[in-house]
Amino acid sequence: MTEFTEFIEDMGLVDLQLLGGKFTRKKGVNHNIAARLDRFLVSEEWDGGFRNIKQSIMHIVTSDHSPLMLQCGNWEPVKSYFKFENWWLLTQGFKDRIKNWWDSFSSAGRPDYVLAFKLKALKEKLKEWSKSIQGSLDMQKLNILGQLVELEEIQELRILNDEEIHKKATLLLEFEETARKEEIAWRQRSKAIWLKGGDRNTKFFHKNC
């Protein structure tokens with residue numbers, strides 16, 4: 001530890017302000033053991049080269065260590081474009097919902113015009129649905145994590161009862177299912193990148209061959 005401390009001092013590393021709490025590890029039934037074990041250390045040059053730098057504590061899910069998130073740069077949301085998410089097909093009742101929407105669209109004219117009209121109408125329905133909790137993984141994760149945080153706060157005050165323990169176990173299973181869907185979403189994105197740049201004589205092509 002002495003050598004590590006000397007290394008930090010020699011390199012001039014600084015510990016960024018921690019947001020969202022004081023401790024990064026909590027253990028025990030009522031979290032009676034708590035410590036700050038995890039942190040980002042950056043050089044002064046790195047600190048000066050980026051703007052809006054912060055490290056934040058994220059919610060504990062399956063570990064007794066809280067994940068840390070390092071953010072920097074522009075935090076303004078980027079406008080996204082619509083895309084069909086493959087994980088939607090795993091959502092209960094999704095196919096029936098699509099069928100009901102499709103059957104509800106009414107249009108007259110040539111078959112190609114009717115098809116184009118229905119596809120456009122379906123796209124608008126999906127865009128609207130994707131902003132609901134069923135169609136958004138981010139909203140699902142935030143909802144699950146919010147409930148887990150409430151249980152954590154209760155656990156810091158007293159021992160959880162049987163109903164709360166069961167609820168926590170159910171939420172953890174739901175989080176794992178959400179993580180599986182998120183993996184499908186990222187796999188879909190990686191395939192899109194490969195189709196776009198993988199067959200060209202690019203760095204991306206050579207790196208993945």
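Throughout, read-outs are computed from the coordinates displayed, never taken from laboratory work. Treat the numbers as computed from the prediction; the structure is a model and nothing was measured. Using ideal geometry, Cβ is built from the backbone for each residue, glycine included, and neighbour counts are taken over all protein chains shown.
Taking R0 as 30 Å, what's the FRET efficiency between Glu150 and His65 from their Cβ-Cβ distance, rounded to 0.05?
So the FRET efficiency works out to roughly 0.90.
Where the only charges are on Cβ atoms (+1 Lys, Arg; -1 Asp, Glu), what is the dipole of region 99-184 about its Cα centre, to the nearest 20 debye?
Approximately 880 debye in magnitude.
Once you keep just the Cα pairs under 8 angstrom separated by 6 or more residues, what percentage relative contact order results for region 61-185?
Over region 61-185, the number comes to 30 percent.
With labels modelled as points extended 7 Å from the Cα through the Cβ direction, what inter-label distance (nm, one decimal) is found for Glu6 paired with Phe40?
With each label point 7 Å from Cα toward Cβ, the separation is 2.9 nm.
Can you list residues whose amide H is under 5 Å from Arg25's amide H, if they're 5+ apart or on another chain and H is modeled 1.01 Å from N?
Close amide H contacts, sequence-distant or interchain: Ala35, Leu37, Ser66.
When ranked by the protection proxy of mean other Cβ atoms within 10 Å per residue, highest first, what sequence do the peptides 3-15, 114-126 form?
Highest to lowest by the protection proxy: 114-126, 3-15.
Can you work out the Karplus-derived ³J(HN,Hα) for every residue in region 177-188? Use 6.51 cos²θ - 1.76 cosθ + 1.60 with θ = phi - 60°, whole Hz, and x for glycine or proline.
5, 5, 5, 5, 5, 5, 5, 4, 5, 5, 5, 4
What is the Cα radius of gyration of region 63-163 over 2.2 N^0.38 Å, N being its residue count?
Against the compact-globule rule of thumb, the ratio is 1.63.
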